[in-house]
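Down below is the structure, laid out as structure tokens.
The values are calculated or read from the model by the stated rules, or taken from the named source; none is laboratory data. Since the model is a prediction, treat every value here as computed from it, not as a measurement. Neighbour counts are summed over all protein chains in view; Cβ atoms, including those assigned to glycine, are modelled from backbone coordinates with ideal geometry. Accessible surface areas use protein heavy atoms only, side chains included; no ligands, DNA or RNA. Shrake-Rupley method; radii C 1.70, N 1.55, O 1.52, S 1.80 Å.
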Amino acid sequence: MTTAPATYWERLWHDGRRYRRVTGAETTLLARYLGPGRGRPALDIGSGDGALARHLHHQLGYRTTGVDCAPTAVALAAAEDVETVEDESGPAWRLMDFTSDDLGKLPEPAYAAVTCRLVYRWVDDKPAFLDRVRHVLAPGGILWVVTELAERREDTDPLKKLGITAADVELLTAGWSVVRNADLDLLRCYALRL
């Protein structure tokens, strides 16, 4: 990516770009692999409009923080969090570039679950990103990654670049105590336990 991530993503969100919605099949997989939150902290990296963070918070019971580097995305996520009821707050929203900002600014020192939906492909320095994730995951915590796989598209498909390669998959899945995955059409979901 030649443009700074915050500049690139802010322009897209500001211009009205929206991304693939979280589906029922995906929420079923989340419940199966992450389980009930029971008030434990969760971090959604690249939270965009906040749909996944809201699901983690309101449906699965995690105490969720959503972070995104685009101010428009963070504002949209906060504005769309209409499921709060009296005596119950919604997810916390933070303007943050997880790949470069100070992790000490996160509201929790460690998270039971870290999610990264349709973001991993765009990370330039994947080893450094994974090190930062491991730094904020609690012992036994789970990294949930949803990403497209390049191999699922024909070589002539211009959208093939939206997927990660076999080498990216190998890097992503190395060094975890448990690796599970499940498929959703062009997407694959990974549940990686520390």
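Could you give the accessible area per residue of the stretch 1-150, probe 1.4 Å, as a whole number in Å²?
Ligands and nucleic acids excluded, the result is 45 Å² per residue.
For LEU162 and LEU186, compute 0.36 nm times the residue count separating them, minus their Cα-Cα distance, and round to one decimal in nm. It would help to have the intermediate numbers written out before the result.
Details: separation 24, 0.36 × 24 = 8.64 nm, distance 1.02 nm.
So the extension gain works out to 7.6 nm.
FRET efficiency for VAL179 and ARG18, Cβ-Cβ distance as r, R0 = 35 Å, nearest 0.05?
That pair, VAL179 with ARG18, gives E of 0.70.
Which value, in Å² and to the nearest 10, is the accessible area of SER177 when all protein chains are kept and the probe is 1.4 Å?
80 Å²
Check which residues have an amide H placed less than 5 Å from GLY37's amide H, if you skip close sequence neighbours.
GLY61, TYR62
Principal axis lengths of the stretch 60-167 from Cα atoms, whole Å, largest first?
The Cα atoms of the stretch 60-167 stretch 53, 30, 25 Å along the principal axes, largest first.
Can you list which of the trypsin sites (Lys or Arg not before Pro) found in the stretch 25-71 are DSSP loop residues with at most 15 other C-beta atoms within 10 Å?
ARG38
Just to make sure I understand: if all protein chains stay in place, what is the order of GLU26, GLU154 by accessible area at 1.4 Å, largest first?
Working: GLU26 0, GLU154 135 Å².
So, going from the largest accessible area down, we get GLU154, GLU26.
Tell me, what is the percent relative contact order of the stretch 1-106, built from C-alpha pairs under 8 Å that lie six or more residues apart?
On the way: 152 pairs, mean separation 27.4, N = 106.
Once normalised by length, the contact order is 26 percent.
Hey, what's the Cα Rg ratio for the chain versus the globular rule of thumb, 2.2 N^0.38 Å?
0.97
Which length gain, in nm to one decimal place, applies between ARG32 and LYS105 when the Cα-Cα distance is subtracted from 0.36 nm times their residue separation?
Stretched fully, the ARG32-LYS105 segment lengthens by 23.2 nm.
Taking the simple approach of a point 7 Å from Cα along Cα-to-Cβ for both ASP97 and TRP122, what is their distance in nm?
Rounded to a tenth, the inter-label distance reads 1.3 nm.
For the chain, which whole percent of the accessible surface, found with a 1.4 angstrom probe, sits on carbon and sulfur atoms?
Percent of accessible area from carbon and sulfur atoms in the chain: 52.
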